[in-house]
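Working notes, beginning with the structure itself.
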Amino acid sequence: MLRPILPHTVEEVYTFLNENDKAESIHLLDMRAQDFVATKEIQDKYNLVLKLRNDVNEALEQARNNKIIKKSFEAVVDLKLSAEATSLKDIADLTQILIVNSINFVETDQPYVGSISSVNITLKEGLKCERC
């Protein structure tokens, strides 16, 4: 139970135990095989997220070059998603995944056209926090 918290201390204590069938390290005990296989549906959705992220990152870079924003979290992103990507609207943390201030889903075409979306970047309105 203490292995993840105090790895070196637990390892040292384990070396002093007098057991006949002791493993080389305490960290090799109870190692279960991990099977993290994602379904085809999850893989497809994740690939769509990566495509959207690429589209938004390219639009953010253009906005930086045009001096609209300085940092991505200052950006308000207007997105028109393609028909295949409309399921991405349901992702609750999409602003955190894209590292932007906010996202507005719109139905009209936007200036930057990517592989699965068209994107417009504007500067967020309001004051910056003191840390920023």
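So the values come out like this:
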{"quantity": "Residue list for the stretch 96-114, restricted to those being of a type in the set (S, T, N, Q) and either buried (at least 16 other Cβ atoms within 10 Å of the Cβ) or touching a residue at least 60 places away in the same chain (Cβ under 8 Å) (or both)", "calculated": "Asn101, Gln110"}
{"quantity": "Wholly within the stretch 57-132, strands (runs of 3 or more DSSP E) carrying at least 2 residues that are out of contact with any His (no Cβ under 7 Å at 6 or more places or on another chain) and of a type in the set (Ser, Thr, Tyr)", "calculated": "117-123"}
{"quantity": "Criterion: among the aromatic types (Phe, Trp, Tyr) and either exposed (fewer than 10 other Cβ atoms within 10 Å of the Cβ) or not assigned by TED's automatic domain parsing to the domain that holds Asp78 (or both) - qualifying residue of Tyr14, Tyr46", "calculated": "Tyr14"}
{"quantity": "Among the residues listed as Lys22, Lys71, the single one being surrounded by 11 or more Cβ atoms within 10 Å (Cβ to Cβ), basic (Lys, Arg) and in the same structural domain as Thr9 (by TED's automatic domain parsing)", "calculated": "Lys22"}
{"quantity": "Pairs with Cβ under 7 Å, 6+ apart, first in the stretch 17-28 and within 19 Å of Pro7 (Cβ to Cβ), second in a loop (DSSP other than H, G, I, E, B)", "calculated": "Ala23/Leu29; Ile26/Arg3; His27/Arg3"}
{"quantity": "Among (1) farther than 30 Å from Gly126 by Cα; (2) under 17 Å from the mean Cα position of the chain (by Cα); (3) not aromatic (Phe, Trp, Tyr), the one test that Ile97 misses", "calculated": "(1)"}
{"quantity": "Long-range neighbours under 7 Å by Cβ, at least six apart or interchain, first residue more than 15 Å from Lys80 (Cα to Cα) within the stretch 40-64, second outside any helix (DSSP H, G or I) and among the acidic types (Asp, Glu)", "calculated": "none"}
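The rows are residues; the columns are (1) more than 15 Å from the chain's Cα centre (by Cα); (2) polar (S, T, N, Q).
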{"site": "Asn18", "(1), (2)": "yes, yes"}
{"site": "Ala85", "(1), (2)": "yes, no"}
{"site": "Lys89", "(1), (2)": "yes, no"}
{"site": "Asp93", "(1), (2)": "no, no"}
{"site": "Asn104", "(1), (2)": "yes, yes"}
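The values are calculated or read from the model by the stated rules, or taken from the named source; none is laboratory data. Just so it is clear, the model here is predicted, and its values are computed rather than measured. Heads up, the Cβs are rebuilt from the backbone with ideal geometry, glycines too, and the neighbour counts pull from every protein chain shown.
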